Amino acid sequence: MRLLVTGGAGFIGSAVVRHLIRETPHSVVVLDSLTYAGNLESLRAVASDPRYRFVQGDIRDPQTVGRILHEAQPDAVLHLAAESHVDRSIDGPADFISTNITGTYQLLEAALAYWRALPPDRKDAFRFQHISTDEVFGSLGPQGLFRENTAYDPRSPYSASKAASDHLVRAWHHTYGLPTLLTNCSNNYGPYHFPEKLIPLVILNALEGKPLPVYGKGDNVRDWLYVEDHARALLTVLERGEPGETYNIGGNSERTNIEVVRSICDLLDELRPIKQNPDFRGPAGTQSYRALITFVEDRPGHDQRYAMDAGKLRRSLGWGPQEDFNSGLRKTVEWYLDNRWWWEPIRTKKYAGERLGRSGR
């Protein structure tokens, strides 16, 4: 297949592109506007492959999107372009509304026009795949799971913008017949993750001896999904999913935030002990990275628990995660230890770990 991947220089998008180039015969055109979290270095490993092409452009620009569709002639669009950090959405919701809602609308309109003009055999095979989040469902209590038919209840500007984009995708399927696929995933983690998110932030702060911020009591629960498992799931849905259907993707790995942070500290104590870490600038005499854990004021509107039921995807398409949280987290920590070339320019030029989304605007 020929595939157009929007947001392909981002965290999940780049994992999808690397998987497609390394593990399939498909060709890929990446469309990405390279905002602060877009990074072509995340695609370095596949950049020289003749089946890969990068185009810098904005999904909010209908002329650019229409031109790329015409030139690339894709058999499917994988739509991953989005503003995605809850804390940043608290500080500045406008970018989230513009990119996630207006951008998705423009992309749907361009894809619809492109799809309608395809010959019948290609029209039947075309897919528009929209990648979304579990955060659209709101906050769970101590029991229960999010399912595909769970009512939407977004609580942050980010999740509200993603909920709106999900509704647009479904509307374009039911109203205009566009063959769409929609997935909602749990919290991703793994290599090439921009260090504003919890796991990479804790790894890098710990290595430098900086405080490890934990919101509130650290008892908020998330279901963690290794990003390469997510990439495999998305390809499974693309190749075998039923148009008009939604599929939940989860890692079956619930952890409280404090459990996640402590697990990272323990791995670093094993893999890069403080006494062997020349970058550590924390308090003298610190024996364990756990000593850096610092509880801070909670995020406004912080959802208590997310947990996904991915049973539909397992039963209907045969997908399941290959990594559990322990194996995936070890791989993630080892990757950050071994790939300073990727994260150090981000820490020095783009984002040094400062607190975001403290109390709204």
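Only residues that are within 17 Å of the chain's Cα centre (by Cα) and of a type in the set (D, E, K, R) were counted in region 150-192, giving 2.
Of all residues in region 127-141, those that are within 20 Å of SER316 (Cβ to Cβ) and outside any helix (DSSP H, G or I) total 6.
Checking each residue in region 1-42 for being among the aliphatic types (A, V, I, L, M), closer than 17 Å to TYR351 by Cβ and buried (at least 17 other Cβ atoms within 10 Å of the Cβ) picks out ALA9, ALA37. Take GLY144 and tell me if it is surrounded by fewer than 18 Cβ atoms within 10 Å (Cβ to Cβ) and of a type outside the set (S, T, N, Q). In short, yes.
Exactly one residue among PRO345, PRO300 is part of a helix (DSSP H, G or I), exposed (fewer than 15 other Cβ atoms within 10 Å of the Cβ) and in contact with a helix residue (DSSP H, G or I) (Cβ under 9 Å, 6 or more places away or on another chain), and that residue is PRO345. Taking the numbered list (1) loosely packed, with under 15 Cβ neighbours inside 10 Å; (2) in contact with a strand residue (DSSP E or B) (Cβ under 6 Å, 6 or more places away or on another chain); (3) part of a loop (DSSP other than H, G, I, E, B); (4) modelled with pLDDT of 95 or more in turn, PHE295 passes all entries but (3). Determine whether region 46-55 contains at least one residue that is touching a strand residue (DSSP E or B) at 6+ places or on another chain (Cβ under 7 Å), under 29 Å from SER89 (Cα atoms), touching a residue at least 12 places away in the same chain (Cβ under 8 Å) and surrounded by 15 or more Cβ atoms within 10 Å (Cβ to Cβ). The answer is yes; a qualifying residue exists.
Being assigned to a helix (DSSP H, G or I), out of contact with any Asp or Glu (no Cβ under 6 Å at 6 or more places or on another chain), surrounded by 23 or more Cβ atoms within 10 Å (Cβ to Cβ) and of a type in the set (S, T, N, Q) is the requirement here; does SER263 meet it? Spell out how you get there, then give the answer.
On the way: assigned to a helix (DSSP H, G or I): yes; out of contact with any Asp or Glu (no Cβ under 6 Å at 6 or more places or on another chain): yes; surrounded by 23 or more Cβ atoms within 10 Å (Cβ to Cβ): no; of a type in the set (S, T, N, Q): yes.
Considered against the rule, which asks whether it is assigned to a helix (DSSP H, G or I), out of contact with any Asp or Glu (no Cβ under 6 Å at 6 or more places or on another chain), surrounded by 23 or more Cβ atoms within 10 Å (Cβ to Cβ) and of a type in the set (S, T, N, Q), SER263 comes out as no.
Here PRO283, PRO278, PRO300 are screened, and the one residue that is at pLDDT below 95, farther than 22 Å from GLY10 by Cβ and not basic (Lys, Arg) is PRO300. Taking region 142-234 and the strands (runs of 3 or more DSSP E) fully enclosed by it, the elements with 3 or more residues that are over 24 Å from PHE325 (Cβ atoms) and in contact with a His (Cβ under 9 Å, 6 or more places away or on another chain) are at 180-185.
As a summary of the residue check, PRO142 satisfies the conditions (1) over 19 Å from the mean Cα position of the chain (by Cα); (2) modelled with pLDDT of 95 or more; (3) under 25 Å from ARG305 (Cα atoms) except for the one numbered (2). A search for C-beta distances below 7 Å between a residue of region 59-73 that is in contact (Cβ under 8 Å) with a residue 12 or more places away in the chain and under 13 Å from VAL29 (Cα atoms) and any residue that is surrounded by 14 or more Cβ atoms within 10 Å (Cβ to Cβ) and β-branched (Val, Ile, Thr), counting only pairs 6+ apart in sequence or on different chains, returns VAL65/ILE59; ILE68/VAL29; ILE68/VAL55; ALA72/VAL29.
Could you check how many residues of region 110-126 are without any contact (Cβ under 8 Å) to a residue 60 or more places away in the chain and either in a loop (DSSP other than H, G, I, E, B) or buried (at least 17 other Cβ atoms within 10 Å of the Cβ) (or both)? Walk me through it before giving the result.
Applying the first criterion (without any contact (Cβ under 8 Å) to a residue 60 or more places away in the chain) to region 110-126 yields 110, 113-114, 116-126.
From what's left, either in a loop (DSSP other than H, G, I, E, B) or buried (at least 17 other Cβ atoms within 10 Å of the Cβ) (or both): 110, 114, 117-119, 126.
Result for region 110-126: 6.
Checking each residue of region 197-213 against the condition of being under 23 Å from LEU267 (Cβ atoms), surrounded by fewer than 21 Cβ atoms within 10 Å (Cβ to Cβ), of a type in the set (D, E, K, R) and under 14 Å from the mean Cα position of the chain (by Cα) gives at least one match.
Among the residues that make up region 229-246, is at least one of them within 23 Å of ILE97 (Cα to Cα) and either surrounded by fewer than 24 Cβ atoms within 10 Å (Cβ to Cβ) or not β-branched (Val, Ile, Thr) (or both)? Yes: region 229-246 contains one or more residues that are within 23 Å of ILE97 (Cα to Cα) and either surrounded by fewer than 24 Cβ atoms within 10 Å (Cβ to Cβ) or not β-branched (Val, Ile, Thr) (or both). Selection of region 312-332 for residues being surrounded by 14 or more Cβ atoms within 10 Å (Cβ to Cβ), part of a helix (DSSP H, G or I) and more than 18 Å from the chain's Cα centre (by Cα) yields LYS312, LEU313, ARG314, SER316, LEU317, ARG330. From the set of residues in region 68-91 that are at pLDDT below 95 and part of a loop (DSSP other than H, G, I, E, B), which is surrounded by the fewest Cβ atoms within 10 Å (Cβ to Cβ)? Looking at residues that are at pLDDT below 95 and part of a loop (DSSP other than H, G, I, E, B), I get HIS85.
The values are calculated or read from the model by the stated rules, or taken from the named source; none is laboratory data. Note that this is a predicted model, so its numbers are computed, not measured. Reconstructed Cβ throughout: ideal geometry from the backbone, glycine too, with neighbour counts over all protein chains shown.
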